[in-house]
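Structure first, commentary second.
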Amino acid sequence: MSRTTLCLATAAGLATASCALMIARYHVLGEEVKVPLGPGTWKVTLVVHGRIAGGEARLITGMPLDFGHQHIWKEACRSNEFLPKPPDAKHPERHQVLWTERPAVAEGPFRAVYQFYCAVNFHAPTLSMSRLAKALAAAPQPGEGLQAEPRVESSHPDVTALARDLTSGLDNAQDQVKALYQHVSQEISNEPHTHGTGTGAVDCLHNGTGDAAAKSRLLVALCRNRGIPARLVTGLALRHGHEQNIHVWAEAWVEERWQPMCPTYHYLGRLPPSYLVFQYGDAPLVRARSVKDLNYAFLVERPEAGGADAESASSFKRLLTRLSFYALPPAEQRLVEFLLLLPIAALIVCIFRNIIGLDSFGTFAPALVGLAFRDLGSLPGIVVFLSIVLIGWIMRRVLDRYHLLQVPRKAFMLSLVVLVLIGGILAANYHDLPATKYISLFPMVILTGMIERFWTLEVEDGTSSSFKTLLGTLTIAATISLFLSLHAVVRHMFRFPETLGLIMAAQLLIGRYTGYRLSELFRFKDLIEESVVRSP
């Protein structure tokens with residue numbers, strides 16, 4: 001069997017297997033290939049709006065925790081005025097998005113949307129989910145959960161008097177918590193949610209009324225006054241309304257566990273599974289800088305459940321569901337999404353270099369630069385990248401006078417690139433420019449390697465050839481950025497990772513292509529036309 005036949009047979013086998021697996025998974029899972037469905041699945045949309053008031057506006061929005069039997073997937077952030085930065089995977093207990101103002105955005109109204117799917121009865125928590133749940137359910141450290149806070153005035157005389165009166169004659173901590181809860185739940189009237197700083201525990205006590213956050217602060221203050229560790233929990237009560245605001249409840253450390261208490265909807269000891277946890281503590285869920293009229297609200301929807309539930313599903317369907325990328329923690333989902341896009345970027349590089357005939361610096365450097373451009377989503381990133389390469393090229397010309405060995409020369413060049421980037425960061429900060437958003441995304445090794453290749457090509461083939469290759473690299477990177485920025489491409493790869501087989505099949509076929517490149521046909525068109533005219 002010839003090599004060409006072997007490549008054709010292997011490519012056909014990969015394509016057939018990929019298509020068969022996609023069809024089989026869709027036949028078994030149905031619409032759950034796109035979004036896992038079930039009685040505990042919800043779609044939540046957070047919309048934040050306000051006005052940019054000058055300066056470099058910033059926005060921070062909380063995200064639900066992925067722990068225990070509460071699983072999050074398919075998170076998406078979008079805004080025309082802000083650029084979202086994914087949360088730090090090293091701190092899963094602080095799950096939040098940092099939004100920075102996009103370049104050239106004028107003062108005025110803005111809108112930011114964060115959307116996700118969640119399951120509040122997830123039956124197969126991952127190791128990271130179980131680890132975080134164990135950490136959050138651990139016993140408080142000595143003195144933790146007992147201190148007074150700005151809006152939890154546990155040492156206030158009025159709070160002390162009420163707590164002493166309500167727990168008089170009760171020695172058991174469980175009985176004390178129950179008495180304090182019943183008073184706040186029954187004697188303090190409910191109010192609608194209010195944005196802003198919120199009502200503190202003392203004001204709620206004096207007014208005899210308060211929203212969910214105020215009543216929970218009062219309950220926490222009463223518990224802490226009696227020496228019972230307590231904390232606030234911020235989240236959503238998914239079943240309580242289609243359009244709703246954030247919900248706050250309390251937890252007290254009683255009988256070696258954190259006992260939940262919701263004085264607004266009258267739950268003690270056990271909450272409905274539809275309670276979704278965003279964070280622990282009294283920090284605002286949405287906060288901003290250089291922003292006016294900040295407001296936000298949630299839209300809670302139930303996706304249509306079209307399949308069998310977990311108990312009646314076949315073993316093969318349960319296996320496919322367990323192996324789904326949606327079962328991964330959010331940080332791992334984003335990593336898998338990035339890895340799935342790399343082969344597509346490599347395929348685009350193959351098409352440009354082997355079919356079109358466009359030169360570039362390296363094989364995978366344009367792919368990585370294109371993915372960096374995709375994250376930036378704007379022209380300034382390309383300008384910053386091009387500027388750094390050209391500045392490095394000038395420094396490389398100066399460095400050539402020293403005639404250093406290759407490895408020390410590249411190491412010294414890397415140090416120079418780092419110095420240029422640090423200088424750019426300082427200059428941008430001094431002039432209040434947003435260039436620092438783009439500099440950190442370019443790997444230093446790629447920049448150093450491209451500068452070295454740029455210089456080598458100039459020495460061997462001339463300045464014109466080196467700049468032509470640089471233009472080809474930017475063209476390939478920009479094409480990768482534009483194509484991989486299409487949400488349809490990202491969604492398809494995440495839902496049907498079997499498409500990798502089709503991509504690999506295409507790469508095999510291109511690897512055996514030995515015909516003319518399109519650029520060569522353009523270069524030799526006069527010769528081709530002449531040969532056509534001479535042919536009988």
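The values are calculated or read from the model by the stated rules, or taken from the named source; none is laboratory data. The structure presented is a predicted model; accordingly, all values stated were derived computationally and were not measured. Virtual Cβ from ideal backbone geometry, glycine too; neighbours counted across all protein chains shown.
Please list, ordered by residue number, the strands (runs of 3 or more DSSP E) wholly in region 78-144 having 1 or more residues that are touching a His at 6+ places or on another chain (Cβ under 8 Å).
108-119
If you go through region 1-21 one residue at a time, do you hit one that is more than 30 Å from Arg512 (Cβ to Cβ) and either among the β-branched types (Val, Ile, Thr) or part of a strand (DSSP E or B) (or both)?
The answer is no; no qualifying residue exists.
Which one is farthest from Ala213 (Cα to Cα), of the residues in region 289-303 that are under 23 Å from the mean Cα position of the chain (by Cα) and assigned to a loop (DSSP other than H, G, I, E, B)?
Pro303
Of the residues that make up region 169-176, is at least one touching a helix residue (DSSP H, G or I) at 6+ places or on another chain (Cβ under 6 Å), surrounded by fewer than 22 Cβ atoms within 10 Å (Cβ to Cβ) and either at pLDDT below 90 or within 19 Å of Val277 (Cα to Cα) (or both)?
Within region 169-176, one or more residues are touching a helix residue (DSSP H, G or I) at 6+ places or on another chain (Cβ under 6 Å), surrounded by fewer than 22 Cβ atoms within 10 Å (Cβ to Cβ) and either at pLDDT below 90 or within 19 Å of Val277 (Cα to Cα) (or both).
Tell me whether region 320-331 contains one or more residues that are touching a residue at least 60 places away in the same chain (Cβ under 8 Å) and touching a strand residue (DSSP E or B) at 6+ places or on another chain (Cβ under 7 Å).
Checked region 320-331: at least one residue is touching a residue at least 60 places away in the same chain (Cβ under 8 Å) and touching a strand residue (DSSP E or B) at 6+ places or on another chain (Cβ under 7 Å).
So that you can scan it fast, the table gives a plain yes or no per residue for (1) more than 25 Å from Ala106 (Cβ to Cβ); (2) modelled with pLDDT under 65; (3) out of contact with any strand residue (DSSP E or B) (no Cβ under 8 Å at 6 or more places or on another chain):
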{"position": "Met413", "(1), (2), (3)": "yes, no, yes"}
{"position": "Leu421", "(1), (2), (3)": "yes, no, yes"}
{"position": "Thr436", "(1), (2), (3)": "no, yes, yes"}
{"position": "Phe442", "(1), (2), (3)": "yes, yes, yes"}
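State whether the residues of region 96-106 include one that is in contact with a helix residue (DSSP H, G or I) (Cβ under 7 Å, 6 or more places away or on another chain) and either of a type in the set (A, V, I, L, M, F, W, C) or closer than 26 Å to Gly40 by Cα (or both).
no
From the list Ala148, Ala214, Ala201, Ala163, which one is surrounded by 15 or more Cβ atoms within 10 Å (Cβ to Cβ), closer than 17 Å to Ala250 by Cα and in contact with a Cys (Cβ under 6 Å, 6 or more places away or on another chain)?
Ala214
Results for (1) in a loop (DSSP other than H, G, I, E, B); (2) of a type outside the set (A, V, I, L, M); (3) in contact with a strand residue (DSSP E or B) (Cβ under 6 Å, 6 or more places away or on another chain); (4) within 25 Å of Leu162 (Cα to Cα), shown as yes or no for each residue.
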site: Arg217; (1), (2), (3), (4): no, yes, yes, yes
site: Leu236; (1), (2), (3), (4): no, no, yes, no
site: Gly241; (1), (2), (3), (4): yes, yes, no, no
site: Tyr265; (1), (2), (3), (4): yes, yes, no, yes
site: Pro273; (1), (2), (3), (4): yes, yes, no, no
site: Phe278; (1), (2), (3), (4): no, yes, yes, no
site: Ala283; (1), (2), (3), (4): yes, no, no, no
site: Arg287; (1), (2), (3), (4): no, yes, yes, no
